[in-house]
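Below is one structure, written out as structure tokens; the observations come after it.
The values are calculated or read from the model by the stated rules, or taken from the named source; none is laboratory data. It should be emphasised that the depicted structure is a prediction, and the values quoted were computed from it without experimental measurement. Quick reminder, even Gly has a Cβ in these numbers, built from the backbone with ideal geometry, and neighbours come from all protein chains shown. For the accessible areas, the whole protein counts, side chains as well, though only heavy atoms, and no ligand, DNA or RNA atoms are used. Shrake-Rupley method; radii C 1.70, N 1.55, O 1.52, S 1.80 Å.
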Amino acid sequence: MTSSEVQRQDASAALRLLCDGELELEGRLVDASNTTLRATLALDGRTARCVYKPVRGERPLWDFPDGTLAGREVSAYLVSRATGWDLVPPTVLRDGPLGPGSCQLWIDEPDDAEPLVGFVPAEAVPPRWFAVAAARDDDGAAYALAHADDPRLARLAVLDAVINNADRKGGHVLAGADDRIYGVDHGVCFHVEEKLRTVLWGWAGRQLPPDAVQVLDALDGQLTGELGEELAEHLTLGEVAEVAARVRRLRDTGRYPLPPQEWPAMPWPPI
């Protein structure tokens, strides 16, 4: 059974497999800046792959406290689950061969999945795509960093604004089964200072769709209850309070945020 099949069948079963399954390492994802390992999980005859990020393998960052990135990965899943959009694969904090760390269900991307973010020739941006930055290749040819005007990405942009994602690269957007998309790599989210860096600026300043406003209203209530308590297990009380403040600001303005002027608006590299 593939990881995508586990996810489709039952999210609670996926969480049980992530929490209690026997974890066996397969190898390291070498492009990741922190120790990121692919592993298999097995429990009661069910198996799936996962991404295991041990706390001990986190690279120290000047603006995020040491040892907190795994908890931020879990927190992004908790907020995503609360929205009902399920944009982040099931993620838990558990012990593993290299100690405690985040464990996230692996997403198998279909071979024929259409890219939603990428560099395209500047004069050939596809219809219903947003060009968000200009670039040139080594030969000086003009390109645009662009993304699709896709409602699934629009929801992900709202989620990123809520969790203050400082690293939404194009490569952190995955296509899953059943025409779904997922955002991954949320270790640098939830800072108390504004740090939103993303490639999904196509809706900047535009009015939020009605379903996003409804989700923000629901989140506002949940953050004072169970969701807030769950996040407090992984974040500081100040960080949880800032999540609520960002939700209220988005709801009050009713618009997608604008790119910042005080810090880089794009992660590097963007893909």
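Set side by side, the residues Leu15, Leu29 differ, and just one is open to solvent by 10 Å² or more (accessible area, probe 1.4 Å), closer than 27 Å to Lys195 by Cβ and of a type in the set (A, V, I, L, M), which is Leu29.
What about Ala113, is it free of Cβ contacts under 8 Å to residues at least 24 places away in the same chain and surrounded by fewer than 18 Cβ atoms within 10 Å (Cβ to Cβ)? Judged against the criteria, Ala113 is not a match. So, Ala76, is that one open to solvent by less than 10 Å² (accessible area, probe 1.4 Å) and over 23 Å from Ala166 (Cα atoms) or not? The answer is no for Ala76. Region 1-113 holds helices (runs of 4 or more DSSP H) entirely within its bounds, and those carrying 2 or more residues that are modelled with pLDDT under 95 and out of contact with any strand residue (DSSP E or B) (no Cβ under 7 Å at 6 or more places or on another chain) map to 3-9, 11-20. All of (1) open to solvent by less than 20 Å² (accessible area, probe 1.4 Å); (2) part of a loop (DSSP other than H, G, I, E, B); (3) under 17 Å from His191 (Cβ atoms) hold for Ala244 with one exception: (2). Could we say that Ala212 is out of contact with any Leu (no Cβ under 9 Å at 6 or more places or on another chain) and modelled with pLDDT of 95 or more here? Answer is no for this residue.
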